[in-house]
Amino acid sequence: MKRIFFASLILFSILSGCNTKEDSFLEVDANSRSLNFGVEASYQTITVDANVAFRATSSHPEWCTAVVLNFPTDNLGISVKTNATFDVRHATVTISADGVADVTITVNQLSATPVLSVIQNHILIGGSLDFSLDVHANFPIVFDLPAWISEKEGNIWTSGAKKYSFTAFPFFDPLPSREATITVRAASSSVNIQPVSVSIVQLSDGLQSYVTLKCDFHIHTVFSDGTVWPVTRVEEAYRDGLDVMSITDHLEARYRTNLPAGYTLQNTSHNTSYDLAEAAAKEKGIILIRGSEISRDVPPGHHGAIFLSDCNELDKSDYMDAFRAAKARNAFLSFNHPQYSGYGNQINVWFPVLTQLLSQEMMHGIEIVNNDYGGYSPIAHRWCLDNKLTMLGGTDTHYPIPAFAVGKHRTMTLVFARSRTPEAIYEALMERRTAVYHGDNIIGEEKYLKQMFENALQWSMVKNGNNVEVTVKNNSDLPFHMKTANLDPRLVVSVYSFTITPKGTYTLTVSLLEGITGGDLNFSVENFLVEPNVGMKYTVGI
């Protein structure tokens, strides 16, 4: 009986041993329980030692994810996205399975380093009111601006390098300049980085900040179709009080035969007229600008090209190649005398090629007054205003210029330059700081004409009962043709149109009716044209 019992016990033990199930486990090495990542997107694997199926979840799946891999080792992949924030971030990956305790992995990722840099540290505003800053930032930024500068549309922050655009308000002041600082800083105070400062200097656009130069940029000599020797042109310019001149002989119309021995137009350089005049101009203190005239049938017509280094480079069979050559040399290009009668039925026509030249920056100005061929063109004046082109006036002289009577002058361009140098003249032309002086008329942008008017005149008033004597003294060599305009009917003036002569004085009487004690005297300055055939408006308070 004992033997049977022990045998049964042994058999039970054997059977029990065969059915014993191994305990479940889930383990991660201690060195893998904390993972560190850099700023950039990255990926790491760890080994989970387990005899059961397991799963993994992240506390921050938006930037940290965990994926179970079907490998015996390195069977859990953990990835992070780039950390664009400026805070270190942490996540927990929980590894779990049925019947075992969870294992947690700590994930740490470094923060981004804030970057803020500006290429420019100083901006000089002169002429053009627009400017830009090249900023590199990897976080939203704001600009602290002085009251006279504003941001332009499109200044929306973009991570990385971007050009941000601004505009300054016009500055007309007796002071030569004004200064301020633009501060570029993080939009959020949580970004720990030093702001960047850029100094700004705006030069006054007041005429007192410029020297006014009398210029003629359209002159011909015997080396195209004129009749005058280049040195004689310099002598005429000196006699007429010019500061600057450019001989712009035609590149194409060269047919004079009465040249001195040794000269023929067929073998003569297009630079000859400049070369012959250069010494005389230097002796007379006249700035001589090298130039030529691209002279083709319309379209495109005749176009001046000045500030050339070699006029021969523009001698091309295809006129567009001539324009491209001029542009490559940074020439100043102008459409000459659109009102020229030689254009036949195409006078004052805006040809499609002009739009092409304008769009390709191969037309910077228009000759709105041509003394010898067409005079003043209101249409060309309008084109300049609408297309922001420089206004020019020239003689286009082909024949000798006789001496002018007292009080008379040649047609000229007044250039408001920062100094008496070719470089300053070029800058002024490109920035449209000009006015045209033709007969008694000054034609140009109102901001310059208004300053010329105010700088020339002194106003004084004496009140006697209901009457006010208004006296205006003209300190300039210009006449001013005045008309009253849109007056309050209670202001009665003694005369409604009058001329203030050069260096002269004029007095008019204003009667104040119906008990008023003052008002505005509104004038139109008829010979200061700020719009085509429209005089400048000006108001004097009584």
Original post:
What's the number of the condition residue 236 fails, among (1) crowded, with 20+ Cβ neighbours inside 10 Å; (2) outside the structural domain of residue 401 (by TED's automatic domain parsing); (3) under 30 Å from residue 285 (Cβ atoms)?
Top reply: (2)
Original post:
Would you say residue 408 is at pLDDT below 95, under 16 Å from residue 216 (Cα atoms) and not aliphatic (A, V, I, L, M)?
Top reply: yes
**OP:** Say whether the condition of being outside any helix (DSSP H, G or I), acidic (Asp, Glu) and either at pLDDT 95 or above or within 29 Å of the chain's Cα centre (by Cα) (or both) is met by at least one residue in segment 372-385.
**Re:** no
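Of all residues in segment 52-85, count the ones that are closer than 30 Å to residue 22 by Cα, touching a strand residue (DSSP E or B) at 6+ places or on another chain (Cβ under 8 Å), part of a loop (DSSP other than H, G, I, E, B) and not hydrophobic (A, V, I, L, M, F, W, C).
Going residue by residue through segment 52-85, those that are closer than 30 Å to residue 22 by Cα are 52-58, 66-78.
Checking which are touching a strand residue (DSSP E or B) at 6+ places or on another chain (Cβ under 8 Å) leaves us with 52, 54-58, 66-69, 74-78.
Pick out the ones that are also part of a loop (DSSP other than H, G, I, E, B) and you get 52, 54, 69, 74-75.
Among the residues that remain, those that are also not hydrophobic (A, V, I, L, M, F, W, C) are: 74-75.
Here the count works out to 2.
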**OP:** Within segment 417-434, count every residue that is assigned to a loop (DSSP other than H, G, I, E, B) and within 18 Å of the chain's Cα centre (by Cα).
**Re:** 3
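Every residue, every condition in (1) β-branched (Val, Ile, Thr); (2) touching a Phe, Trp or Tyr at 6+ places or on another chain (Cβ under 9 Å); (3) in contact (Cβ under 8 Å) with a residue 12 or more places away in the chain, yes or no:
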site: 262; (1), (2), (3): no, no, no
site: 273; (1), (2), (3): no, yes, yes
site: 278; (1), (2), (3): no, no, no
site: 282; (1), (2), (3): no, no, no
site: 289; (1), (2), (3): yes, yes, yes
site: 295; (1), (2), (3): no, no, yes
site: 298; (1), (2), (3): yes, yes, yes
site: 302; (1), (2), (3): no, yes, yes
site: 311; (1), (2), (3): no, yes, yes
Original post:
Any idea which of (1) in a loop (DSSP other than H, G, I, E, B); (2) more than 14 Å from residue 393 (Cβ to Cβ) is the one residue 409 doesn't satisfy?
Top reply: (2)
Original post:
Taking segment 77-105 on its own, how many of its residues are of a type outside the set (Asp, Glu) and either touching a residue at least 40 places away in the same chain (Cβ under 8 Å) or assigned by TED's automatic domain parsing to the domain that holds residue 159 (or both)?
Top reply: 16
**OP:** Could you identify the single residue in 444, 407 that is in contact (Cβ under 8 Å) with a residue 60 or more places away in the chain and crowded, with 23+ Cβ neighbours inside 10 Å?
**Re:** 444
Original post:
Failed condition for residue 401, given (1) crowded, with 22+ Cβ neighbours inside 10 Å; (2) over 22 Å from the mean Cα position of the chain (by Cα), with all others met?
Top reply: (1)
Original post:
Right, residue 437: touching a His at 6+ places or on another chain (Cβ under 8 Å) and not in a loop (DSSP other than H, G, I, E, B) or not?
Top reply: yes
Original post:
Here are 195, 230: which of them is assigned by TED's automatic domain parsing to the domain that holds residue 306 and touching a strand residue (DSSP E or B) at 6+ places or on another chain (Cβ under 9 Å)?
Top reply: 230
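For segment 137-149, which residues satisfy the criterion of being surrounded by fewer than 14 Cβ atoms within 10 Å (Cβ to Cβ) and within 22 Å of the chain's Cα centre (by Cα)?
Within segment 137-149, 144, 147 meet the criteria.
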Original post:
Quick check: anything in segment 283-300 in contact with a strand residue (DSSP E or B) (Cβ under 8 Å, 6 or more places away or on another chain), within 25 Å of residue 344 (Cα to Cα), in the same structural domain as residue 244 (by TED's automatic domain parsing) and in a helix (DSSP H, G or I)?
Top reply: no
Subject >> All strands (runs of 3 or more DSSP E) inside segment 106-156 with 1 or more residues being charged (D, E, K, R) and more than 30 Å from residue 210 (Cβ to Cβ) >> reply: 141-144
Original post:
What pairs come up if the first residue lies in segment 377-395 and is closer than 10 Å to residue 366 by Cβ and outside the structural domain of residue 529 (by TED's automatic domain parsing), the second is buried (at least 24 other Cβ atoms within 10 Å of the Cβ) and among the acidic types (Asp, Glu), and their beta carbons are under 6 Å apart, counting only those six or more places apart or on different chains?
Top reply: 392/367
**OP:** Starting from segment 139-168, take each residue that is of a type in the set (S, T, N, Q) and list its partners that are assigned to a loop (DSSP other than H, G, I, E, B), counting only C-beta distances under 7 angstrom and pairs at least six apart or across chains.
**Re:** 159/138; 165/152; 165/154; 165/155; 167/129; 167/152
Original post:
Out of all the residues in segment 480-497, is one or more in a strand (DSSP E or B), of a type in the set (Ser, Thr, Tyr) and closer than 26 Å to residue 391 by Cα?
Top reply: no
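The values are calculated or read from the model by the stated rules, or taken from the named source; none is laboratory data. The structure presented is a predicted model; accordingly, all values stated were derived computationally and were not measured. Every residue, glycine as well, gets a Cβ built from its backbone with ideal geometry; the counts of neighbours run over all protein chains shown.
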